[in-house]
Amino acid sequence: MKKTYIKTFIGTALLSLFLSACSDILDEKPRSTYTPEFFKTEKGVMGGVTSMYAHLRYLYGQGYYYNSLLTGTDEVTYAQSADGNFKDMDMTGVGSITSSSSRSDVLWNEAFPNINTASGIIENAEAVGTISNALIAEARFFRAYDYFLLVQTFGGVPLDLGAGKLKFNTSPVRTSTRNTVPEVYTEAVFPDLVKAVADLPATPRVTGGATKTLARLYLAKAYLTYGWWLQNPNNIPTYPAAERVDPDGKNAAWYFQQAYNVAVEAIENPGPFGLQPTYYDVNLGTNDRNNEILLFADHTEESEFYNASSLSWSNGNAPENFAGWFMTWNYTNIRSGGKSSVQREAVQALGRPWTRMCPTINVVTTTFADKTNDSRYDGTFTTVYHGNWDKAGVADATLANANGLPVAPGDPVLTFLYEDVPGITYAEGNANIGAGVLPGRADFVIAPSGISRITYPGLWKLGPYRTDNGTGLGQPNGASTRPFNIAKFSELYFVAAEAAVKGATVKAGMSARELINVIRARAGKWRWHNNNNVAMNVDNSAAMVAATPATIDINYILAERSREFYGEGYRWFDLVRTQKWAELAGSYMICGAAYKDRTPQTFTRTIEPKHYLRPIPLGQLDRMELSDEDKLAYQNPGY
C-alpha cells in the first residue's frame, strides 16, 4: 500500500471545552490552553468528551455540508440563487464535482481531529483511573461514528494519524496510509460500536448523551452498509483497491442478519426512547429533543455562548445552525395590493430565505403522492403562506390579493396546491412572483407542475422556532436556535426492514412489511393540519397499512425513507449504500429560475461509478509535500 503524507492535529486543541460532572446538561466552558498534559487529567478527559458533542455543530446545521448530502439526489436540486457549491453537486452539466468544489471537505476536516480526541480519551481514561467504562464508551461511539461517515464518503481512510493505528497523536506528522474499506469497518467501526453497545447506559448520562439505543442504531446501520458493500450489486469500484471479501470470513448475508438482529433488539429494548404519536410531533419546534431523537447537535436561544452563535445575526458559518435557510425561497417578494404581505419572520413556516436548494416536481407528485392519508407531506413542507404584515406594523386590516379579493392577517396569501387542477391562469405580475389565479379564490396558487427553482414549497421541518418574538416578527436573520436532529428511533424500523428484504431471517410479527407498517400507520395519524393551521383529529392508519404492497422491495423502502426523512441529510448515503443513485435520481423535472417560468423541464444527470466516492479535499492534498504522482495515488480515481 502506498505511503503518503497527511498533517494531523490534536483534536482537543480545536475545541476547548470541558464538562461539569454534576450537571444534567453538557456544560461548556472555555480554556485558553488545552495541552496533551491536561488531557491526562480527569478534567481533561471530561473536556474531551464534551468537545465531541460540540463537534457535531460543525457538521450538522452547516449548510454547505448539508448541501453535499442532498443536492444531486432524487430529493433536491439547485435553486435560483445557487452558486457553484450547489450546481457542482447536481450532476446535470452546470458544474462538476472536484477536489476543490466538493463540500464533503467539511466532514474530512472535522472528523479526524475528533477521532484523535476520542483516541486520547480512550487511552488516557485508563491511566487516570477514575473514568467509568460508560464514559469511555461515549468516546468509542464518536470515534466509530466519524469513521463510519468517512468510509461511506471517501472509501478507505487512515486509521493511523501519526502514532499508530487508532492511537492518540500529539504531534503534527506528515506520514499516513489510507486503509481499505474492510480494515476501517472491522478494525475501527465495528469493535468500537460493539463495545459502546455493551458499556453505554440505556438512559443518557446528560440530555442528548450517547446511549445503548443510539449505538445499536449505528451498529445496525454499519452492518447493513458493509453487507451492501460486500455484495456490490452494480460493480461500483472501491478505493484503495481491495477485494470485496471480509477479513473475518463472514459474507454479506451474515452482516444483513446482524443488522436485523441489532435493530430489532433496539426496538424491543428502547430504554426511554420511542415513536412520537404523530409525524407532526417529531419535527415540531415546541417539541424539540423529544424521545424519538437519539442524537442531535444542540443549540439554544437562552444564551449566545451555549448557542455557539449570535441570537440576532449570522455570517453563515459553522458552528451556526443555518442549513434551514437553503431550501427557503424568497417568499418576502410576495405582494398583495402592492405591499409585502408575507414578511420575514422567525417562525417555523418561514425563516430566512436563501434559495440555494429546492425540491423537484417529482418529490411533490411522486414521493409524496398521497397527501390525504399520509401526514408526512404536511409535516415536511410549508405549502401555505399566511399574511403577517400586521406584525411589521402595517396598519391595513386587509389587502387586495388574487382576483382583487381581500385577505386579512393570518389568511392564505399563496398556496402550493396538492395537485394540478384546470383553470389556473399564471401571469408575470401576479403577487409579484408570477403566481397563478383560480376563479373565486383570494389566495394566489402554484400547481405542482409550476414548481420552479425560484418558487417552491419551503422545508418546514428545519424552520426556526423562537419563544422571544413577542407580537412582532422576531429575529429571523439569526441562525436557528433549534437543535439539528441527527438520529431518530424511527430509523431502526427502516434498517431492520431493509435487512429483512436483503434476506435476514425475521422474527414473528417483525417482517419487512410489518416493520414499515408501524411507520406508515403513525404517518396516517393526524392531530394538526400544519399548513391549514387547524386541529385535525383524523386516523388514516388503516388506509395507510392497507395501501402497503404485500411484498416490499428496496425501492419501496427507499421511497418510504424519503417520505420519513426528507431533507434531513440521509439521502446521498441511502442511494450510495444501495447503489440506486443513478436509477432513482438520474433525471428530474423542475421549472426555470425566473418568476414567469411555469413550464416544466426534464434534466438528466450523469452519475458515474466514480461519483460513489467523494474526492479527497484539495486542501488536504495541498498540505501534503508529495509529487504530483503521489498525490494522484492518494486521491480517489476520477478526480
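Remarks
- Residues of the range 591-639 classified as under 29 Å from THR365 (Cα atoms) and touching a residue at least 60 places away in the same chain (Cβ under 8 Å), total: 17
- Residue that is modelled with the lowest pLDDT [pool: residues in the range 130-155 that are more than 30 Å from LYS610 (Cα to Cα) and not hydrophobic (A, V, I, L, M, F, W, C)]: THR130
- Scan of the range 255-275 for residues that are buried (at least 16 other Cβ atoms within 10 Å of the Cβ) and without any contact (Cβ under 8 Å) to a residue 24 or more places away in the chain, ordered by number: none
- The set of residues from the range 583-608 being crowded, with 18+ Cβ neighbours inside 10 Å and of a type in the set (Gly, Ala, Ser) comprises just one member, ALA585.
- Complete set of residues in the range 257-297 that are of a type in the set (D, E, K, R) and either farther than 17 Å from LYS461 by Cβ or touching a helix residue (DSSP H, G or I) at 6+ places or on another chain (Cβ under 6 Å) (or both): GLU265, GLU268, ASP281, GLU292
- Some residue of the range 454-468 being in a helix (DSSP H, G or I) and closer than 30 Å to GLU268 by Cβ: yes
- Inter-residue pairs, beta-carbon under 8 Å, first under 16 Å from CYS358 (Cβ atoms) and in the range 325-344, second part of a strand (DSSP E or B) and at pLDDT below 95, 6+ apart: none
- Yes/no for SER51 being buried (at least 23 other Cβ atoms within 10 Å of the Cβ), of a type in the set (Ser, Thr, Tyr), under 30 Å from PHE168 (Cβ atoms) and in contact (Cβ under 8 Å) with a residue 40 or more places away in the chain: yes
- Among residues of the range 449-496, those that are among the β-branched types (Val, Ile, Thr) and within 30 Å of VAL518 (Cα to Cα), counted: 2
- Residue selected from the range 162-216 under the condition part of a loop (DSSP other than H, G, I, E, B) and among the hydrophobic types (A, V, I, L, M, F, W, C), by the criterion nearest to the chain's Cα centre (by Cα): ALA210
- Candidates ASP396, ASP411, ASP420: the one that is in contact with a His (Cβ under 8 Å, 6 or more places away or on another chain), at pLDDT 95 or above and not β-branched (Val, Ile, Thr) is ASP411.
- Inspection of the range 394-412 finds no residue satisfying the criterion of being surrounded by 18 or more Cβ atoms within 10 Å (Cβ to Cβ), within 28 Å of ASN283 (Cα to Cα), within 21 Å of the chain's Cα centre (by Cα) and of a type outside the set (Ser, Thr, Tyr).
- Matching residues, the range 291-310, being surrounded by 15 or more Cβ atoms within 10 Å (Cβ to Cβ), in contact with a Leu (Cβ under 7 Å, 6 or more places away or on another chain) and farther than 21 Å from TYR145 by Cα: GLU301
- TRP329 passes every criterion in (1) outside any loop (DSSP other than H, G, I, E, B); (2) under 20 Å from the mean Cα position of the chain (by Cα) apart from (1).
- Residue among ALA523, ALA550, ALA543, ALA535 that is over 30 Å from ALA427 (Cα atoms), crowded, with 22+ Cβ neighbours inside 10 Å and hydrophobic (A, V, I, L, M, F, W, C): ALA523
- Boolean, PHE148 is more than 20 Å from ALA266 (Cβ to Cβ) and under 24 Å from the mean Cα position of the chain (by Cα): no
- Pairs meeting the criteria (first residue in the range 350-369 and at positive phi and β-branched (Val, Ile, Thr), second residue in a loop (DSSP other than H, G, I, E, B) and at pLDDT 95 or above, beta carbons under 7 Å, at least 6 apart or on different chains) are THR355/ALA79; THR355/GLN80; THR355/SER81; THR355/TRP329; THR355/ASN330; THR355/ILE454.
- Within the range 77-123, the set of residues being modelled with pLDDT under 95 and of a type in the set (Asp, Glu) comprises just one member, GLU123.
- Residue within the range 469-482 that is part of a strand (DSSP E or B), at pLDDT 95 or above and surrounded by 23 or more Cβ atoms within 10 Å (Cβ to Cβ) present: yes
- Qualifying positions in the range 38-72 - part of a helix (DSSP H, G or I), within 13 Å of PHE296 (Cα to Cα) and among the hydroxyl-bearing types (Ser, Thr, Tyr): TYR53, TYR58
- Pairs, first in a helix (DSSP H, G or I) in the range 80-102, second buried (at least 17 other Cβ atoms within 10 Å of the Cβ) and among the β-branched types (Val, Ile, Thr), C-beta under 8 Å, six or more apart: PHE86/THR71; ASP88/ILE97; MET89/THR71; MET89/ILE97; ASP90/THR71; ASP90/THR77
A quick yes/no check of all residues on (1) under 23 Å from ALA263 (Cα atoms); (2) crowded, with 22+ Cβ neighbours inside 10 Å; (3) hydrophobic (A, V, I, L, M, F, W, C):
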| site | (1), (2), (3) |
| --- | --- |
| PRO158 | no, no, no |
| LEU161 | no, yes, yes |
| LEU166 | no, no, yes |
| TYR218 | yes, yes, no |
| LYS221 | yes, yes, no |
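- The requirement of being assigned to a strand (DSSP E or B) and in contact with a Leu (Cβ under 8 Å, 6 or more places away or on another chain) is fulfilled nowhere in the range 340-354; no residue meets it.
- Exclusive hit being of a type outside the set (Phe, Trp, Tyr) and closer than 18 Å to PHE154 by Cβ, set GLU123, GLU42, GLU110, GLU75: GLU110
- Looking only at the range 413-434, residues that are touching a residue at least 40 places away in the same chain (Cβ under 8 Å), part of a loop (DSSP other than H, G, I, E, B) and in contact with a Leu (Cβ under 7 Å, 6 or more places away or on another chain) come to 0 in all.
- Residue in the range 297-310 that is closer than 30 Å to ALA266 by Cα, in a loop (DSSP other than H, G, I, E, B) and of a type in the set (Asp, Glu) present: yes
The values are calculated or read from the model by the stated rules, or taken from the named source; none is laboratory data. A quick note: this is a predicted structure, and the numbers were derived from the prediction, not measured. Cβ coordinates were reconstructed from backbone atoms using ideal geometry, including for glycine residues, and neighbour counts include every protein chain displayed.
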